[in-house]
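Just so you know, all these numbers are worked out from the coordinates, no wet-lab data involved. Predicted model only: the values in this text are computed from it and were never measured. Positions of Cβ are generated from backbone atoms using ideal geometry, with glycine treated the same way; all protein chains shown enter the neighbour counts.
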Amino acid sequence: MNKTIASLALFLAILSSSSVSGAGRHVKADLVPAGGSGVTGFVQLTQLPHGGTNVHVVAKGLHPGTVYASFYYESRDCSEPADLLGTFTANEAGEGVVHGKIDDDLDEVGSVSVRLGPGYGELQACATVH
């Protein structure tokens, strides 16, 4: 009987630890408009098994034909220092997408931004990751 209880306890411990680590491997966060920009959307981040993170940004409420840049940060508020994820141009519907693989692990990314581009322009939206 004690062996059965010990086996069940071990199984539950393994099950709970694997579900916690699975939850920490993927984050979806909303882009919150900055300064009345009206830019919204979301970012998805997925921890890669051998290090690094895939980052996918979907932004809406952009000015068609305008170039934007997306950056990622250790900070939670899209403040410097910043690393460039990539640049993109808003389509006719005012939407833009950029994605890429970064060297930082998911737990090192505090926020992701959309800024007027192609450089480090005015903040349009920020997503808090952690």
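Just give me the residues in the stretch 99-126 being of a type in the set (D, E, K, R) and touching a Leu at 6+ places or on another chain (Cβ under 8 Å), in sequence order. Across the stretch 99-126, the qualifying residues are K101, R115, E122. The single condition from (1) closer than 16 Å to H26 by Cα; (2) over 13 Å from the mean Cα position of the chain (by Cα); (3) buried (at least 20 other Cβ atoms within 10 Å of the Cβ) that L45 fails is (2).
Does V109 qualify as being of a type in the set (V, I, T) and under 19 Å from S37 (Cβ atoms)? So V109 does not fit the description; no.
Residues in the stretch 24-59 that are of a type outside the set (A, V, I, L, M, F, W, C) and in a loop (DSSP other than H, G, I, E, B): how many? Residues that pass the stated criteria total 10.
Scanning the stretch 76-97 for residues that are of a type outside the set (A, V, I, L, M, F, W, C), closer than 16 Å to V32 by Cα, within 16 Å of the chain's Cα centre (by Cα) and surrounded by 15 or more Cβ atoms within 10 Å (Cβ to Cβ) gives a single hit, G96.
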